[in-house]
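No value in this document is a laboratory result; all are computed from the given coordinates. Please read these numbers as outputs of a predicted model, since none were measured by experiment. Quick reminder, even Gly has a Cβ in these numbers, built from the backbone with ideal geometry, and neighbours come from all protein chains shown.
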Amino acid sequence: MKPIDPPVPQSVGPLAPAHAAALDRDGYLLLRGAVPASYRDDLRAAFDAGVMPNDQWTAPRGIGWRHALVDLDPAVQRACRVPDLLAAAGRILGGPFFLSQVEGREPLPDHGHQPLHRDGAGSRGAAALIFLDPYGPANGGTRVVPRPRDDGEPDESLALVLEGQAGDIVVFDMDVLHGATLNRSGARRRSLLLGFLPESDRAVVEACRAVRDVRMAYGDSFTP
């Protein structure tokens, strides 16, 4: 069988110098209002329509969270291609990359706290959260440990809890310590969790897509 030719990478623009410097220094970048307001109602509707009980997913999902299958939704795919988001992912990865996964997550009332962790310790990858509701310390906002504070071990005293509005995006190197906080107020805190990986990982990721409930085609490739 003739091998499938890899997609031609689409060039993404550079980050603004101040954003690039902050991302290089801290390992994460908070993009305020990066998702246009005109997208947000459609994204929230896609999230709510895609919610599935935890026991219906192929791989176990965390108790205390609402999970949504959203990767085929056009509005979600459009949000995953916001220029500054792609530019930040490209800055982290430094070469051709692709969108490997997107799903919805929301901490339920009195749930959501995660230990500080690294999504990909020692590996190359970029992750992002697109916030669909206001978020902060009261309703499970994500906390991060900026690289200058990171001493190698999870230390809660070093973490900063992010706070902002629907339409914000936080992009981070998968090696950055982070974790959600407890949703004490019970207010909704829907988000889309994205993963971007180097093109060199495409075949491996493609082989295990069913286990991760990925339905979207890995058709696009991007390069900084």
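Placing +1 on the Cβ of each Lys and Arg and -1 on the Cβ of each Asp and Glu in the range 22-155, which of 127, 65, 87 has its Cα farthest towards the positive end of the resulting dipole?
Positive-end residue among those listed: 87.
Considering only the other residues whose Cβ falls under 13 Å of the Cβ of residue 136, what net charge follows from Lys and Arg at +1 and Asp and Glu at -1?
Details: positive: 143, 184, 188, 189; negative: 133, 163, 168.
Taking every Cβ under 13 Å from that of residue 136, the sum is +1.
Please report the net charge: other residues with Cβ closer than 13 Å to the Cβ of residue 196, K and R +1, D and E -1. Could the numbers behind the result be given before it?
Numbers: positive: 81, 91, 124, 202; negative: 119, 173, 199, 201, 220.
Within the 13 Å Cβ shell, the charges total -1.
What distance in nm separates the simple spin-label points at residue 221 and residue 58, each placed 7 Å from Cα in the Cβ direction?
2.3
What is the extension gain from residue 49 to residue 149, computed as 0.36 nm multiplied by their sequence separation minus the C-alpha to C-alpha distance, in nm to one decimal?
Numbers: separation 100, 0.36 × 100 = 36.00 nm, distance 3.95 nm.
Extending this stretch completely gives an extra 32.1 nm.
In terms of the Cα gyration tensor, with a ≥ b ≥ c the square roots of its eigenvalues, is the range 27-223 rounded because a/c is under 1.5, prolate because a/b exceeds b/c, or oblate? Each step should come with its number before you reach the end.
Working: a/c = 1.32, a/b = 1.08, b/c = 1.23.
It comes out rounded by the Cα gyration axes.
Neighbouring Cβ atoms within 10 Å as the yardstick, rank 221, 38, 100 fewest first.
The fewest-first ordering by Cβ neighbours comes to 38, 221, 100.
Stretch residue 37-residue 72 to full length: gain in nm at 0.36 nm per residue minus the Cα-Cα span? Working shown, then result.
Details: separation 35, 0.36 × 35 = 12.60 nm, distance 2.06 nm.
This chain segment gains 10.5 nm when fully extended.
Using the Cα centre as the reference, give the magnitude of the dipole from point charges on the C-beta atoms of the range 1-69 (Lys, Arg: +1; Asp, Glu: -1; all else neutral), rounded to the nearest 20 debye.
Values: 7 positive and 7 negative charges, 13 e Å.
Using Cβ point charges on Lys, Arg, Asp and Glu, the range 1-69 gives about 60 debye.
What is the local net charge at residue 161, summed over the other residues whose Cβ is closer than 15 Å to its Cβ (Lys, Arg +1; Asp, Glu -1)?
Working: positive: 143, 149, 184, 189; negative: 26, 155, 156, 163, 168.
Charge balance near residue 161 sits at -1.
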